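Input: a single structure, listed below in structure tokens.
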Amino acid sequence: MPFSPDNRVPAAMPLPTQWITPPADLTPYINSVWRWDDRAATEQPVYLPGVGAECFFHHGTPPSLDGRRLPRAYLLFNTGRALRFDGPVCFTALRIRAGRLRHLTSMPAEALCDGLLPLEAVWGDAGSILAERLAAIAPLQSQADVLFDFVREMRRHGPDIDGAFDTVLDTLYYNPNLRIQTLADRLGWSRRSLERRFAAAAGLPPKRFARLARMQHVFRRVALSPDDGVFESALDIGYFDQAHFIHEVEDLTTCTPARIVAQWQGKPTFYNHPSRPPVGAWDGA
């Protein structure tokens, strides 16, 4: 499928998902608890890399992920390439905001980045108990309540983290075209200091973080607004031209934009609602 300004994603089918937003005390850390139940599908949409992490809890036999057999419950922090679940899926997931894992675990973010780990590898016995509790509960709201309590407990006993840097993370996420040096100057830091702190908090350098965030904004917009063209959206969100966008997507996902869009034809995607900045994120560039 050639890539052109006219490429558009047709209106998606009714989404096989349910979403629950977190209470106010948890919105700085998590985006949502959600369920995807698509046991009739033989092919799933592509799962693009990003800057946040998700805990997955599969109901029934877990599918494979790009040929790898999955455990029932795990943390996925995919920053490296596009992935695809093989076969039918039914799972509940906890979507964690960019850089917030450091509030919930003492494991270094760089050790978690681009990894898939069973929950017990991240949280020990607490992770195993959480997986068992989720497997024994059916209603999504009840599962969400358990997950919210888990996040509160991990936050309460987690590492002593200064939350002020969360605003820096949100600033770059919602303004991915902001120059890294400009951000460092606004903070009164050297660029090297910013890069070191950013990697410790988010697991990856600020430049790659911004590149992933910008790409995510484009594909989220296209998925949520099917009448918007892919190339038009890319230009609006800050890519220089079509060649720039294609090169970035290929480098970040190992897929072309055309292939991603083609796989979305008439299918639901993982972008089910727009992400909103938490209170305190800076505005503008």
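The values are calculated or read from the model by the stated rules, or taken from the named source; none is laboratory data. No experiment lies behind these values; they were computed from the predicted model shown. Please note: Cβ atoms are built from the backbone with ideal geometry, for glycine as well, and neighbour counts cover all protein chains shown. Just so you know, the surface numbers come from the protein's heavy atoms only, side chains and all, with ligands and any DNA or RNA stripped out. Shrake-Rupley method; radii C 1.70, N 1.55, O 1.52, S 1.80 Å.
Note on the stretch 217-254 and the stretch 79-106: Cα centroid distance 22 Å, given to the nearest whole angstrom.
3J(HN,Hα) along the stretch 171-180: 4, 6, 5, 8, 9, x, 8, 5, 5, 4 Hz, from the Karplus curve 6.51 cos²θ - 1.76 cosθ + 1.60 with θ = phi - 60°, whole Hz, x for Gly and Pro.
Residue ranges 241-248, 160-167 sort as 241-248, 160-167 when ordered by packing (mean number of other C-beta atoms within 10 Å per residue, highest first).
Applied to the stretch 102-119, the Karplus parametrisation 6.51 cos²θ - 1.76 cosθ + 1.60 on θ = phi - 60° returns per-residue 3J(HN,Hα) values of 5, 7, 10, 8, 7, 5, x, 4, 5, 6, 8, 4, 6, x, 10, 10, x, 4 Hz, with x for Gly and Pro. Extension gain for the segment Glu132 to His59, taken as residue separation times 0.36 nm less the Cα-Cα distance, is 25.2 nm to one decimal.
The residues of the chain expose on average 44 square angstrom of accessible surface per residue, using a 1.4 Å probe on protein heavy atoms. Based on Cα contacts under 8 Å between residues 6+ apart, the stretch 99-163 shows a relative contact order of 48 percent. Using the Cα centre of the chain as the reference point, and only Cβ charges (+1 on K/R, -1 on D/E), how large is the resulting charge dipole? Debye, rounded to the nearest 20. Using only the charged Cβ atoms, the result is roughly 320 debye. Expressed as a whole percent, the accessible area of the chain that falls on carbon and sulfur atoms is 51 (1.4 Å probe). Between the alpha-carbon centres of the stretch 165-202 and the stretch 35-76 there is a gap of 31 Å.
Which values of log₁₀ I(q)/I(0), to two decimal places, follow from the Debye formula for the chain at q = 0.08, 0.13, 0.17 Å⁻¹ with a uniform point scatterer at every Cα? Taking Cα atoms of the chain as identical point scatterers yields -0.33, -0.91, -1.55.
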